[in-house]
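Worksheet for the structure shown next.
Since every read-out is calculated from the coordinates, none of them should be taken as a lab result. This is a predicted model, so every value here is computed, not measured. Neighbour counts run over all protein chains shown; Cβ positions are idealised from the backbone, glycine included.
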Amino acid sequence: MTAETFNVAFVDLMKKRSRQQAILLPRQVAMYLAREIASSPFTEIGRSFSMHHSTVMNAIDSVRERMKRDPEFHRMVQALLNSIH
């Protein structure tokens, strides 16, 4: 769902080392959704994305902060949440 919304390949979201903005933001949103929807532990999300739990925590914090200051981004993430629930 997140990959489709951001028009990126799912496999690219799961690659560890891409810091390209086109991949970075969708990956962070996917981590945020995993935490919000499934209440998955940071370590479990980290394993899924081949990342350390602290990286996951920072990614989720980044999404939350951007949602606070960017209403359009907030609406998009909320729409993703609503479509999954």
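Residue pairs whose Cβ atoms lie under 8 Å apart, sitting 6 or more positions apart in sequence or on different chains, and linking a residue in the stretch 20-44 that is in contact (Cβ under 8 Å) with a residue 12 or more places away in the chain to a partner that is among the small types (Gly, Ala, Ser) and loosely packed, with under 12 Cβ neighbours inside 10 Å, are 42/54.
Please specify each residue of the stretch 47-85 satisfying the condition of being in a loop (DSSP other than H, G, I, E, B) and crowded, with 16+ Cβ neighbours inside 10 Å.
Listed by number, the list holds a single entry, 51.
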